[in-house]
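Values quoted throughout were computed directly from the atomic coordinates according to the rules given, and no laboratory measurement underlies them. Everything quoted here is computed from the prediction, not taken from an experiment. Positions of Cβ are generated from backbone atoms using ideal geometry, with glycine treated the same way; all protein chains shown enter the neighbour counts.
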Amino acid sequence: MPIGICQAVLTTGTSDALIANTPTHVLICHERVREQATADAKGELELLPGAQVRLVELVPGIEWALIARDGRRTGYVPADALAPLH
């Protein structure tokens, strides 16, 4: 009798990685979520202050953060637009 659901936990690429649904940070200002970690990159989604997101990774050296919502990668915002949830 199975007591759980089989689910792959190791993946071959970062785009396939599982991301927890639990938010870790909140946006402190209005931001457009970018497809790349640059200010001139495309981005259709805009998040308002107070939006809760999960920090997936900080991009070293350029002060951008990859964020996720509802377990899915959303895109990049400036790292200084985020504050940790307590």
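Grab the Cα-Cα distance for residue 57 and residue 80, subtract it from 0.36 nm times how many residues apart they are, and report the gain in nm with one decimal. Intermediate values should be presented prior to the final figure.
Working: separation 23, 0.36 × 23 = 8.28 nm, distance 1.34 nm.
So the chain would gain 6.9 nm between residue 57 and residue 80.
Put simply, the amide H of residue 74, placed in the peptide plane, has neighbours under 5 Å in 67, 68, 69, leaving out anything fewer than 5 places away on its chain. For segment 48-82, the residues whose backbone nitrogen is under 19 Å from a point 7 Å from the Cα of residue 18, taken along Cα to Cβ, are 54-57, 68-74.
In this structure, the amide hydrogen of residue 29, modeled 1.01 Å from its nitrogen in the peptide plane, lies closer than 5 angstrom to those of 50, counting only residues at least 5 positions away or on a different chain.
One decimal place: the segment residue 42-residue 73 gains 9.6 nm when fully extended, by the rule 0.36 nm per residue minus the C-alpha distance.
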